[in-house]
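Read the structure below first, then the notes.
The values are calculated or read from the model by the stated rules, or taken from the named source; none is laboratory data. Source: prediction; values computed, not measured. Cβ placement follows ideal geometry from the backbone for every residue including glycine, while neighbour counts extend to all protein chains displayed. Accessible surface areas use protein heavy atoms only, side chains included; no ligands, DNA or RNA. Shrake-Rupley method; radii C 1.70, N 1.55, O 1.52, S 1.80 Å.
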Amino acid sequence: MPDLTRRGLAGSLLATAGLAALPLRAQGPATGGALTKITEDAVPIGAAERLQRIAKAQTLMRARGLGAVLIEPGASLDYFTGVQWHRSERLTAAVLPAEGEPIIVTPYFEEPSVRESLSVPAEVRTWNEHESPFALVAGALRDRKVADRAVGVEETVRYFAVDGLGKALNGVRIENAAPVVRACRMIKSAAELALMQKATDVTLAAYRHTWPRVEKGMTPAEIGKIMNAATVQLGGSPEFALVLLGEASAYPHGSGKPQQVREGEVVLMDCGCTVHGYQSDVSRTFVFGAPTVEQRKVWNEVRQGQEIAFRAARIGASAGSVDDAVRAQYQKWGYGPGYRLPGLSHRTGHGIGLEGHEPVNFVHGEETLLQAGMCFSNEPGLYAPGKFGIRLEDCLYMTPQGPRWFSEPPPSIDRPLG
């Protein structure tokens, strides 16, 4: 679902890795038993895979005439170097040159901390408080003999870094490095898919623990606390636990009004965690008590919407066509048109991986063609302001044979966890 608390091309890859379809391992512990850690067999991404990513990025850079790519802390820095750091007014960044080892630029006093998570061979260059980090970046480019080429910047790099680089290398052409970075990150490896599967297993097991413990009068915070505690016990790192009750479920990110569990009202949960940095994102909607005819009807329509999206997700189809297929059917049922309510007011799905939301999306107009290794949420919710909303969300990954679920969608409103 749209991000709330996380604000904070080799098509043959899967087949080569023997992962045309991951096994569903999402049964988890029984809801009444003690929770045990299920992530001990999860294998973090190793240095060899990160070096392969860098090599792929360098091939793409050379093909586009880029001399280097500049990356600030965040998911992309972790993806290529393993460095897990924060952004501040003091620049820490990686320079990925088109040839040679990466160079990490960081304040002198931060070097030991930054090195702790650095997972690939790289040169670390430091700057002191009175010095310009951009002079270091420019020097790195000159030393790698790529200063005469265009420099790509990862698409989330802040303006002050782009401006500083431009001044340090007067006349340098600066380009968006998204075609390089996205081409790497959008296609998940077997190791990445395994971690996403494990994160999904944790979330589903936490749901099975939480669902029977929801009681009349509970608040969203109380339900979220149970869910997050279960996630920790199961070995995941809680990322978000959005709980929407009653009318608040009609608004995708909820309402600030007080909410409590009431008989006959909708409970919508949108929760996820990380395992070694890779994310899950699963939504379940049920009714506390007996569902009404209308609640059951809308729930079934959303479940059919998920199947429409799943069938439309085919290798070579555009990502936008998946969203279009769902909206066409919803309009036949009287919703919309487009984003109008009652109906589907957000995209059908988003990319997912190291970040809960990453390119590309199942959204109208998105022309990117689906390839093996891409991962998406599938969440074509239906919302009726003043009444209730239904959202079911399960993530999928593309294989050469088509889409596969990380988590099987639930069979009915009466069995929201299967």
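Computed packing ranks the peptides 301-308, 90-97, 216-223 as 90-97, 301-308, 216-223, most packed first, by mean other Cβ atoms within 10 Å.
Its residues counted as N, segment 220-370 yields a C-alpha radius of gyration over 2.2 N^0.38 Å of 1.13. As a length-normalised measure over Cα pairs under 8 Å and 6 or more apart, the relative contact order of segment 299-418 settles at 26 percent. Per residue, the accessible area of segment 292-413 comes to 35 Å², computed with a 1.4 Å probe over protein heavy atoms only. Ranked by the mean number of other Cβ atoms within 10 Å of their residues, highest first, the peptides 169-175, 70-76 fall in the order 70-76, 169-175. The order of the peptides 54-65, 193-204 by mean Cβ neighbours within 10 Å, most packed first, is 193-204, 54-65. Under the convention that each Lys and Arg Cβ holds +1 and each Asp and Glu Cβ holds -1, the size of the dipole of the chain around its Cα centre is about 660 debye. Comparing TYR330, PRO403, PHE310 along the charge dipole axis of the chain, the residue lying farthest to the positive side is TYR330, per the Cβ-charge model. As a calculated quantity, the FRET efficiency between TRP333 and LYS257 at R0 = 45 Å, using C-beta atoms, amounts to about 0.95.
Computed on segment 222-357, with alpha-carbon pairs under 8 angstrom and 6+ residues apart, the relative contact order is 17 percent. Of the chymotrypsin sites (Phe, Trp or Tyr not before Pro) found in segment 282-381, those in coil by DSSP whose Cβ has at most 14 other Cβ atoms within 10 Å are TRP333, TYR339.
In segment 193-296, Cα pairs under 8 Å separated by at least six residues give a relative contact order of 31 percent. Where only DSSP H runs of four or more residues are counted, the chain gives -10000 deg cm²/dmol as its mean residue ellipticity at 222 nm, each run worth -39500 (n - 2.57). Between the beta carbons of ARG296 and ARG158, assuming R0 = 56 Å, the FRET efficiency works out to 0.70 to the nearest 0.05. If you take the Cα centroid of segment 233-289 and the Cα centroid of segment 371-404, the two points sit 16 Å apart. Of the two radii for the chain, the radius of gyration is 1.01 times the Kirkwood radius, both from the alpha carbons; that is the Rg over Rh value. Kirkwood radius and radius of gyration were both taken over the C-alpha atoms of segment 177-251, and their ratio Rg/Rh is 1.13. Using a probe radius of 1.4 angstrom, the carbon and sulfur fraction of the accessible surface of the chain is 53%.
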